[in-house]
Amino acid sequence: MTIHTPPENPGELTQFIEIRYHAKHRAELPALAALAEKVESVHRDDAHVPAGLAALLRRMTGELEVHMKKEELILFPAMRNALAGLDSPIIAMRRDHDDHTDELATIKRLTNNLTLPQDACGSWTRLYSDLSEFVNDLEEHIRLENDVLFPYFERANTGNT
């Protein structure tokens, strides 16, 4: 796994987030949803099947797309131009992040914290492996925005450095 060190400059950080996280989420989520649907269908009678996971991932695909578009089209350009008055959009993004964190908790609950049953097939194994990477990426994506990017602008809006 390649370690990606995020830049310290907030404008560059927004671009890093778009390239490192937004593009990856867009590529991964539809495939994860399709794989989850396959596992749920093939193993529907198995007590360990993550029933409802495919629907959750499809819903997340749409919700994340809307969230990322708001960042890419509104918030990030404003940050790159050092515009003031970003409190409201940042508050809205933090609320979205809370919702995404709740969805990640649901993924963990549905998958028994991504624990495979003993007799898991290759598709189920690949699903949980890829899902683990997605969960870790989304958690880091949210942390990077909430704890690194947003505070820079929240401090700027209050006059603190």
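For this structure, a couple of remarks:
- The test for being of a type outside the set (S, T, N, Q) and under 18 Å from TYR21 (Cα atoms) does not hold for ASP119.
- Scanning region 27-54 for residues that are touching a helix residue (DSSP H, G or I) at 6+ places or on another chain (Cβ under 7 Å) and more than 21 Å from THR115 (Cβ to Cβ) gives LEU29, PRO30.
- Here region 41-85 is the region considered, the condition is being outside any helix (DSSP H, G or I) and farther than 30 Å from ALA120 by Cβ, and the residue that is least open to solvent (accessible area, probe 1.4 Å) is GLY85.
- Taken over region 12-40, the residue count meeting the criterion of being open to solvent by less than 20 Å² (accessible area, probe 1.4 Å) and of a type outside the set (A, V, I, L, M) is 4.
- Inter-residue pairs, beta-carbon under 7 Å, first at negative phi and in region 40-60, second surrounded by 13 or more Cβ atoms within 10 Å (Cβ to Cβ) and among the charged types (D, E, K, R), 6+ apart: VAL49/GLU40; PRO50/GLU40; ALA51/GLU40; LEU53/GLU40; ALA54/GLU37; ALA54/GLU40; LEU56/GLU103; MET60/GLU103
- Any hit, region 84-104, residues being of a type in the set (Gly, Ala, Ser), touching a Lys or Arg at 6+ places or on another chain (Cβ under 7 Å), closer than 21 Å to ASN146 by Cβ and touching a residue at least 40 places away in the same chain (Cβ under 8 Å): no
- In this structure, ILE91 does satisfy being of a type in the set (Val, Ile, Thr), assigned to a helix (DSSP H, G or I) and open to solvent by 70 Å² or more (accessible area, probe 1.4 Å).
- Among the residues of region 86-142, those identified as of a type in the set (Gly, Ala, Ser), within 18 Å of LEU32 (Cβ to Cβ) and under 19 Å from the mean Cα position of the chain (by Cα) are ALA105, SER129, SER132.
The values are calculated or read from the model by the stated rules, or taken from the named source; none is laboratory data. Owing to the predicted nature of the structure, the values given are computational and were not obtained by experimental measurement. Cβ sites come from the backbone with ideal geometry, for glycine too, and all protein chains shown count toward neighbours. All accessible areas refer to the heavy atoms of the entire protein, side chains included, with ligands and DNA or RNA removed. Shrake-Rupley method; radii C 1.70, N 1.55, O 1.52, S 1.80 Å.
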